[in-house]
Structure formats: structure tokens, C-alpha cells
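> Can you keep this structure in mind? I'll have questions shortly.
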Amino acid sequence: MILILDFGSQYTQLIARRIRSFGVYTEIVPCYEDFSRCATLNPAGIVLSGGPDSVFASDAPGCDERIFSMNVPILGICYGYQYVVHRRGGVVRKGNKGEYGRTRISLKGDADIFHGVHGESNVWMSHSDEIAELPPGFRTVAGSPHSPHAASVSEDMQFIGLQFHPEVAHSECGNAVLLNFIERICRTPRTWSVEAYKDRKIRELREQIGSHKVICALSGGVDSSVTAALIREAAPEQIYCFYINNGLMRKGESEYVADIMRGRFGSHFFSINAEARFLKNLTGVSDPERKRKIIGETFIRVFEEEAGKISGAHYLAQGTLYPDVIESSPFKGPSATIKSHHNVGGLPEKMSLQLLEPLRELFKDETRELGLTLGLPPELIYRHPFPGPGLAIRIPGEITAEKLAILRDADTILLEEIRRAGLYNEIWQAFAVLLPVKSVGVMGDFRTYEYALSIRCVTSSDGMTADWFHFPHELLSGISNRIINEVKGINRVLYDITSKPPGTVEWENLDDILRKDAGCSSELDYIEQTSWILFLKYLDDYEDDRRTSADMNGEPYAPILKEEFAWKTWAAPKKEDGETIDRNKTISGDGLTQFVNERLFPYLSSFKNTAANADTLEYKIGEIFSELKNKLQSGYSLRDVIDKIDALRFRTNEEKHEMSSLYEDKIRNMGNAGRNGGEYYTPRPLIKTIVRVINPQIGHKVYDGAAGSCGFLCEAYEYMRTGRTLSGADYEQLQRRTFYGKEKKSLAYIIGIMNMILHGIETPNIRHTNTLSEKLQSITDNDRMDIVLANPPFGGSEHADIQKNFTIATGETAYLFLQHFIRILKRGGRCGIVIKNTFLSNTDNASISLRKELLENCNLFAVLEMPSGAFTGTGVKTVVLFFEKGKPTQKVWYYQFSPARNLGKTNSLTESDLTEFIALSATQADSDNSWTVDLKDIDKTVWDLTPNNPHRKDEADTRTPREILAEIETLDAQATAALTKIKELLI
């Protein structure tokens, strides 16, 4: 067998499946797996997978060094290769240009790993770090334009390193390379097959089951059907299968499953019609998550009652597959759980049963192959996925018998037409959704008022991502016509063309739960409730990491939270395996909301008074829970939000970035409400551009005194850590002593902290305070910053108590922030600030005085004029000021967007819009859109900085205000004369 150590690659399972396809058994274990277990497996070879991390990261994953003394060949792929080179004295560095996608390698010399591969070959790369120098005793056997050591081998052939991914289909030589590793290097016999697995597993099951009885809940899906069929081969007289008809299945589904299974299991198969019971329990329920809960609980009750009639049952069979096992032990430590739908509501414990999982070593495709060898019909094996709650989640709103009948008929037509067209096997999942919307239609001479139906058909390889299926228009039209003509109750058919992401395959997600709860009424509520639950989940993972680190160093660890308030106690208590949620210990319903509102929030709020100082994580916990409150009124909704968030991981940068993207989308979608969570969400392309021009470096202190959602600080972090070779000290600097900010609004403060955490900054230095309440004179040298990046509020009027803190009195909020930023910058420090364009030309005393101070004390080296519409939700025109403190301005370089670029909600700012500005700003060159103004040409009486592009000479740009007024007076006089003439004619 071949052992695979998982370092977090998205392709790890693909490596295992590819090797298994050659007839060699593989197992995947996390890279931190105990050495004794690895040795017990007695592998013929080991594969070190790729991974998303850099070997320079302070938390870079590794493995037990004794792995390398097992005297078996080791194949390192991507990160696995770099890890070995780094540990063995070679040189890994940040590449000037990463390699992503298809790349051509050239072979250099002979090597068994490339036996049968000649000259050059296209391969798939995915890395930013590169190997600059091999360790002693290694030689290069392949190179690419950006990876001189794309493949290497050790002199004793005990290690082979590949920078590319042989397991990916795009690597032309991938199969040959893996086969060479198996046969020529590891000399492993190719004896593994699904058929051989079946024979071995039947023997093992026969021995394990003995004379005991086994009960199995059949859904009619692939996993449970194959599980039951396999156990039947081992113990035909001892397995008892139960199929529960919940009334939520497709048309004819229950009859189809019952016919197949009764033919296999005879009197040991029981079909229970519980349709009336399920529908009664669902009466009046429209909340999607509560529907799921009721269906699950009803199923458990029915199954307990029926299976309990089998006396002496000892085992409960479940269709757990190998990916479920792998995903329960991620490479940086256990954090996820085996998918909850596999564990039937805690039944093993409730019924005193032991679990029997005969498929836990197989992938999905292998399970299907096994099913065919067991004689199950192909139409059952290759059927589309179907959700556990059935049609209940495809009928938003209340479930009724009438709606179910309508949906079944429409769904049947859809599948009939797809099969007739020969497209069923090309589609991953096809179904219909009966929308809770009725519309007016006309059928014959009559008007109708009936339901709308949405068709959803997607293609996918694994269900993690999906694209909508591109139907021939004639077929789609035919499906629509049949449904409308044949199904009474539907007069409109829609086709859902949303991909995943951003959508989901089914029609329910986290926001649906929040939206249905009576306590949540806006996007602000959704993100607020997501924030506090997400924060507590993060805190749980944070404590796990710190506890593990302390244990490894032999140090005691004092947890932040008392045990009764820890996530694992009240939110997601685990079973003895430490992985699976123990449903018997979870709180739900009114008890959950009572605990959260009356005990949890008061406890966490008290941290504000007990924390050592305002910079600690404990103080931030106190601030967050002093300002927020739980708005979810339904304990069922709260429980399901918690369950969904518990499945999230905070272990890798990749996982954090994925969540930060989702979080950013939430902030952006708040629209005008963004004023409560970061003044008019600053477009990400503009933030990136400002950061790039200001160019923060390691060792700088970066500051935003109007932090909002902390978009500037997050993007600065990404900029400073990407494409650079960073030491552990560098990462420590970035994490703890680089980013600083202030925000006065409670929700914005919380959103900002979460945004930074999700980007990977574990302890953000963000203070919950009003920046403008601090006097300029109170800022000392210790407070000064190297970099300021900000978009202070566009509007607002500050009262006199605030104005007196500043040397230039004004009620304009942004002008006070500008004074603060100039003051807090170090000499030589740089600033990029977004401000309304009227600042450049206003003639009030405060505007003139502030422009004078800026030009005399700072070098205003660039002004970027943005068009209106750049900020979603407002037509305000803005400019970006780029300046350096410490020397006066000599000249100002301007860049003006083309007037033809019309930005708005449906035509938002993109990075390509700013490409020319970035390129020209380096040299401050002139162009049709850019020009330079010398300070001597600026009117010193008003210090006017109005952008006047000399390259655009249209009349409106060149006339002075006096000329325009003179023309108005002339036109007015002409109009008066004309009116007089008309009156004379009328008289």
C-alpha cells in the first residue's frame, strides 16, 4: 500500500483515487499523524501532498522526522517537495513570478520517475514559492521556465520531488509518473480492486457480526443501498432494513425503492408509510431550518419505534464513505465532524447500538462500482443526489399535500424529458422548486392565478462547485410547455442559471435562516448575528491552537473562557472521539435562547471590566458582547446557524481567505446601510490601488483612524505578505505590531475585527473609540505611524466639543480626520486618503487653511480624481490624496478618469480601470489623463487645487466663472427683450 501524508492540498483525495485506479491501495492520514500508526501500516511508499501554506510560515505544517528513516521511497509533491528541500538544507524562496496552471517542463538526464516520458511535457503547476537550490545529494531531473528544479531525485532514490501535480489530468505525464513511482520505485504489486475489497470486507463483516443482528435505515440512495447489500452478502439472515416513507419523496420513489429492496431482503425489509405523521408535524411550519429539524426528529421517532421491534439488535449500519472520514481529520488538527446526515440523530447511543461502517475505506466512485458488483441496478447506482429532507426544502414556505402533488408532477416531467434527450448522466443534479409566488397568466380564454416553478439543473464533479447546465433552447421550451399544460397549479416556469458559488445547489443557506427569524429584519441584522457566532467559533479554534502549542512546549495553559461557556460545551459538544457533535448534549429551542441571552452574553460582557487592559483579546470580547445582543428569537434558528458555523475551519490561510471573501460580500451587500459598517463600502480595486502606491513595508506601522470594516488594513496585510520571503519574525511583526486602527461605531468595530481575523490577523489592534475626541496636541512621538490609509466619512457635522480639539475649526468630519492623519504621521510617513472632491476647491476659511497646511507641511505628490458612481450607493465624487509628511509640496501630479467611464451599481469599478494610473504614477508621466502642476502656478490666496486637465480643452473646462455669469446675464437680457416684444404684439 501507499501512504499519503496530507499537508492540506485540494488534490490529496485525487492522488489517492489516481493510485487506487492503478490497483494499489492507498490511505490518507494528516501530516501530523502519529509515527507508530504510520509504521504499523507498513507502506511500500509514501507521498507527501501539496498544501496551501508556505514553508516560511510560523505555523507551516510538518511531519514526524522518523518518517524519513522508514527506508521506503518518498514522493514529495509541490509543498511536500519544498518541505523536504527546506528541511534538508536546500534553499526555497519566494518566486518573482508564481506558476499557476499549465506549464511545460523539460527533462534533464535519466530517472526512473520519468521512464517512458521523453523530452518535454505539459504539466499542472500551482505554487508561488520556488526551489532555488537543492540539498546535498539531490540532482535535478526536470525544469520549467520559472522552476529550474521542477523535479529532482536523491542519489539513493529514496526521495523524489515534483513541483507539479501529477495527479491532475492536465499533467500529460502524470499517469506515467505515478505508475513509475508505484512499479519501478516502490515495486508495489497491483493487487487492489473493488472486487478484491468486496471479498475481503465480506469476510471481515462475517467475523465481526457473528450471530448478532444488524439494522439499517435505507433511504434508497447509493450509500445506504450499497451498505445494506454488502452486509447482506456477509450475513443474509441477520440484517433488517427499514425504509420510511416520509411523504416527501419524488413521484413513485417509495414504490421503486420498496420493490427493489423487498426483492433483495424479503421478509427482512420493512417499508413504513409515515406520510400522514410527517405532514401533520409540518403543518403551519414555513421556516426552512425548523422543517429540517422536524423531519429529522420525526424520522428518529419512527425509526426507533419500528427498529425497536427487532429484539437483540447489536449493530446500526451506516453508509459513511472515506472522504467523510478524511474530512473529519484536517491536516492541521481535528476540527470538522463527519457529516451529520450520516449519523442518524445519535441513534447508536440512544438504542445502545454499535456502528457498522463497511464503506468507510471507499470513495464515491468505488462505492458505485461496488454496488454494481453486488448486483444493484445501474439506475439506482447512478441516480442524482437527493436531499435527506426530500421535497420539503424544494417548497419554500409551508408544506401541504397539494403543493407536494404539484411539485411531484412537475419534477417527473423534468426528469422524463432529460432522460428522453439522453442528458441524465451529463447532469449532476436536476430538480424543480415550487416557489411561494403566484402570478397572473392566461390559459385559453381564462385568466389564471397559480404558482411559479423554478427548474435547477447543474453540472459538477464533486458538488463543492457547480455550474448551471446549458440546455438546448428547444428542450427547455418543451419542458416548460409540458409542465404548464399538464400540471394544474403552475402557469409560469423559470430556469435558475446561478452557479455555485456564489449560489448553492439547493435553495437554502445561512441567510435564509436569519431572514426567516422574526428578530432579524435587515442585512445589518444578518451580518451582526453572523459576527458574534462566528467570533465565538473563531475563539474556540484560537484556544485549541494555543492549548496545543502550550502542550508541545510543556507549559500550562489557562483558557480564556470558563468551561461552561466554551463553544464545545454549549454550542457544539463532541462525543468521545472529539469529532462528532453529540446531539444528546446540545441545547436547542427556548432553552438555547434563554442560555445565550441570560447567561452567555452577560458573562462575556463582564470581560470589559475584568481585562488587564484595552489591548487584550479579553477586553475586545467584553466590548463586542457589551454592544451586541442576540436577535434570533427562535432557538431552532439559532441552533441551525450555530451548526452551520461550527462546520467552518480557521486553520489555514486558504480557509480564512475563503471565509473573508464571503464576509466581504456580506459587507458590500449592505448597500447604503454600509454607513453603519464602514462608510459606503470602499471598492476593493481602489483600496488595492491606494495600498500599492503607498507601498507599506515590513516594520512599518499602518493606521486607519476611520477603520470601518478594516478593508484598508486587510488589503495592506495581503500586500505586505504576498510575493515576499518572510521569516517567522516577519510574520510575528505583521500579526502583532503592524496594523492599528480606531472605529467609534459598534457594529463597524465588530465587523472590522472579524474581517481582520478572517484575513489571518489573530489579534487586531483596533480600538473602539472616537478618533476625533482626541486632541491633536495629545499625539506624541510614540503614537506616530509610518503609513495612513483611510476613507473617513464623506459627510457629517461635528459639534463644538469635537472641533475644539483641532487647530483648524470646522464641522466637516473628513477635514478633522485629515488634520488628525497629518499630525499622527511620522516625518517621512506616507498617506493615502479618500475625500470629497470639493475639498480641492471650497472657498471657506477651513478648506483654504487646511489645503495650505497640507501643501506647506507635506509633499502632495499625487491626486487621483474618481468619477461619480465609484462608491456604490452614492453619487458623491471623490479624490484620493497621496502625500508624504516632512517636506513641502513642489508640484502636484494629477490623474483624471475619462469622463466616458460611467460607473454605477451595475457597472462597478474594476482593477483594470486603475491599471494606467498605477503605471503612470511610478514616473508621474503626462498623458491624456494626467498632468503636473507646479506649486508656483497655484493661487496662494485660496490654495486652489481644482483639477483642470490641460489636455481636455472643451468649452466647459476652459471658461471662468465670470465668463459663465456674463453669458447668463446676456441671455437673461435677451429673454427679457423677447418677452417685451411678444407683449407688444399681443396688445
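Rule-based calculations on the coordinates, nothing more; no lab input. If you're wondering where the values come from, they're calculated on a predicted model, not measured in any experiment. Please note: Cβ atoms are built from the backbone with ideal geometry, for glycine as well, and neighbour counts cover all protein chains shown.
> What does the charge count around T610 come to, taking other residues whose C-beta lies under 15 Å from its C-beta (Lys +1, Arg +1, Asp -1, Glu -1)?
Local net charge: 0.
> Counting Lys and Arg as +1 and Asp and Glu as -1, what is the net charge of the other residues whose Cβ lies under 12 Å from the Cβ of K251?
It works out to a net charge of -3.
> At 0.36 nm per residue, and after removing the present C-alpha to C-alpha distance, how many nm does the segment from N948 to K280 gain when stretched out fully?
Here the segment from N948 to K280 would lengthen by 233.2 nm.
> Just to be sure I understand: of the beta bridges DSSP finds with both ends in the stretch 149-294, what percent are antiparallel, rounded to 5?
25 percent
> Sticking with this structure for a sec: Can you compute the FRET efficiency between K887 and S267 using 1/(1 + (r/R0)^6), with r the Cβ-Cβ distance and R0 = 60 Å? Round to the nearest 0.05.
On the way: r = 94 Å, r/R0 = 1.56.
In this case the efficiency is close to 0.05.
> Any idea what the alpha-carbon Rg over 2.2 N^0.38 Å comes to for the stretch 685-762?
Details: Rg = 12.1 Å, N = 78, 2.2 N^0.38 = 11.5 Å.
Dividing the Cα Rg of the stretch 685-762 by 2.2 N^0.38 Å gives 1.05.
> What is the Cα coordinate range of the stretch 97-152 on the first, second and third principal axes, sorted by size from largest, in whole angstrom?
Dimensions of the stretch 97-152 along the principal axes of its Cα atoms: 28, 27, 14 Å.
> To continue, here is another question. Once label points are set 7 Å from the Cα along Cα→Cβ at both I698 and Y382, what is their separation, rounded to one decimal in nm?
5.4 nm
> Also, quick follow-up: Report the local net charge at L359: Lys and Arg +1, Asp and Glu -1, summed over other residues whose C-beta lies under 9 Å from its C-beta.
Neighbourhood net charge equals -2.
> Report the full-extension gain for the segment T838 to R206: residue separation times 0.36 nm, less the Cα-Cα distance, to one decimal in nm.
Numbers: separation 632, 0.36 × 632 = 227.52 nm, distance 8.27 nm.
Once the chain is fully extended between T838 and R206, it gains 219.2 nm.
> For the stretch 909-929 and the stretch 8-87, compute the distance between their C-alpha centroids and round to whole Å.
Each part reduced to its Cα centre gives a spacing of 46 Å.
> Continuing with this model, one more query. What percentages make up the Cα-Cα pair-distance distribution of the stretch 224-290 when the bins are 5 Å wide from 0?
Distribution as computed: 3, 15, 23, 19, 14, 11, 8, 5, 1, 0 percent.
> Just how many % of Cα pairs in the stretch 757-796 lie over 10 Å apart, if you round to the nearest whole percent?
Percentage above 10 Å: 83.
> What FRET efficiency, computed as 1/(1 + (r/R0)^6) with R0 = 56 Å and r the Cβ-Cβ distance, is obtained for R736 and I982, rounded to the nearest 0.05?
FRET efficiency, R736 to I982: 0.10.
> Return the subset of K198/K309; K701/K936; K620/K742; K852/K877; K251/K291; K745/K836 for which the Cα-Cα distance in this structure is over 24 Å, preserving the input order.
Too far apart for the 24 Å limit: K198/K309; K701/K936.
> Also: Taking H as built 1.01 Å from N, whose amide H comes closer than 5 Å to the amide H of W931, not counting residues under 5 places away?
Y894
> Let me ask something else about it. Quick one: if the Förster radius is 56 Å, what FRET efficiency do R190 and E555 give, using the C-beta to C-beta distance and rounding to 0.05?
The pair R190/E555 has a calculated efficiency of 0.70.
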